[in-house]
Amino acid sequence: MRILALMEAEHHRMNVGWALEEIGHHVLHINEPNEKRIDEAVQYFKPHMTYGMGWDLLQDKVETVSAILRKHNLFHLYFAEEDWLHYGWWSSLYVQTVPTHFVMTRSERCLPNYEQMGIPAVFLDVGSNPSFQRPVKPVPAYACDVSVVVNGQFIHDVFRRKSLADLVYPLFGAPFDTRIRGNDWHNELPRHIGITANPRMLYGSLPYCETPKVHSSAKINISVQTVEDQLSSRTYDILAAGGFLLTSDTPRVRERLKPGINCEVSDSPEETIEKIRYYLQHEDKRKEIAGRGLEFAQTEATYQTNIPRIWPLIEAEVNRYYGW
C-alpha cells in the first residue's frame, strides 16, 4: 500500500516508518502539517491511507491535521502508543477530532473504548526496528559502566516514580561510571522529587540516531518502566542493540522477558547496586544474557514481525472504506 505518514519525531520515522517500508509498503513522510505539501503529496503520491502516531508533536496539532484529512477523505490509521496512561487526554481526544478509521493500541484495556466509538481497533505492542536498533561497534565516547537514557517526566505520579527510585536515584552516590542522558534532570528533578542528581552524571539530551551506539557501548543499560503492565520502547531498543538490560521487576517484564536469562531486574535501590556490582565483575555472564536478549528482540519484538500479523485486519477495513 501507499502510506502517507504524518510524523515529525525521528524515533517514529526510524522505527515504525522504516518497518512499514521493509514490510513492502511505499511510505512518504510528511513532518509538518503543511496543507500545500499534503495536497501535493495526495495529488502525486496518491496514498491509500494516512498514518499518524501518538506522542508525535505533529499529531498534537489535531485541529490542523483534522481539517487537512477531512479535505481529502482518506483512510486514516492511528497508532495510539500513549495508551492506556494518556488515553483520556490524548488518544481519545485525537480520534474524536481527527477522522480515524482504524486504531492500533498498545493497551488491550483500551480496545472496548474504541469499539464503543465505532472505530475498529487491535492490540499492537511497541517494539524495535532491528535494521536500525542493532549491535554496533562500541564508541569510546559512550563507553561507561551504566547508561541511562530517559526523560525524567517526574510530574506523573505512576509506577515510573518507583522505577526511577529503584533504578536511577541510587546511582547518584554510587562509585560507578554512570551517564544519564535525557531531559528534565537538572531542574525538574529537584522541583518535583526534592533531590538533586550528581551533575557529573548528566550528559544532556541525546539524538535518537545515536542510541544504538550508546546501548552497544555501555556495560549495563537501565530501562525505566512507566507502568507495570507495559514495557517501555527503550526496553526493546536496548535489547535490539545487543545491550545488557537492567530494568524494573514488573508483571509485564516477567511476562515478556526472562530475568536472569535475557535481562535482569531490580525491585529496590539495594538490589540495583548489588546487581550492577555483580555484572560489572562477571563480563561473561553479562554478555551471555545480552546475547539472549538480542535474540528475543530480533525475533519476537520487531515491528517487522508483529505488524504483518495484524495487517490483514487493517487491509480489510481499507477495502471496506473504499468499497474495493
One residue from Val98, Val65 being among the hydrophobic types (A, V, I, L, M, F, W, C) and modelled with pLDDT under 90: Val65
It is to be established whether one or more residues within the stretch 235-244 are of a type in the set (Ser, Thr, Tyr) and out of contact with any Lys or Arg (no Cβ under 7 Å at 6 or more places or on another chain). yes
Residues of the stretch 87-101 satisfying the condition of being surrounded by 15 or more Cβ atoms within 10 Å (Cβ to Cβ) and small (Gly, Ala, Ser): Ser91, Ser92
Can you tell me which residue is surrounded by the fewest Cβ atoms within 10 Å (Cβ to Cβ) among those in the stretch 10-46 that are of a type in the set (A, V, I, L, M, F, W, C), within 26 Å of the chain's Cα centre (by Cα) and in a helix (DSSP H, G or I)? Ile23
Restricting attention to helices (runs of 4 or more DSSP H) lying wholly within the stretch 194-291, give those where 2 or more residues are of a type in the set (Val, Ile, Thr). 211-217, 233-240, 269-281
Mind checking which residues of the stretch 194-213 are under 16 Å from the mean Cα position of the chain (by Cα) and of a type in the set (A, V, I, L, M, F, W, C)? Leu206, Cys209
What residue, among those in the stretch 47-86 that are surrounded by 21 or more Cβ atoms within 10 Å (Cβ to Cβ) and aromatic (Phe, Trp, Tyr), is farthest from Glu228 (Cα to Cα)? Phe75
Could you please let me know if Ser163 is assigned to a helix (DSSP H, G or I), modelled with pLDDT of 95 or more and of a type in the set (S, T, N, Q)? yes
Report yes if some residue within the stretch 186-202 is surrounded by 15 or more Cβ atoms within 10 Å (Cβ to Cβ), free of Cβ contacts under 8 Å to residues at least 60 places away in the same chain and not aliphatic (A, V, I, L, M); otherwise report no. yes
Can you give me the number of residues within the stretch 138-171 that are over 20 Å from Thr235 (Cβ atoms) and in contact with a helix residue (DSSP H, G or I) (Cβ under 7 Å, 6 or more places away or on another chain)? 4
Single match in Asp145, Asp157 (criterion: surrounded by fewer than 23 Cβ atoms within 10 Å (Cβ to Cβ) and either on the phi > 0 side of the Ramachandran plot or at pLDDT 95 or above (or both)): Asp145
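The values are calculated or read from the model by the stated rules, or taken from the named source; none is laboratory data. Computed from a predicted structure; not experimentally measured. When we count neighbours, we look across all protein chains shown, and the Cβ atoms used for this are built from the backbone with ideal geometry, even at glycine.
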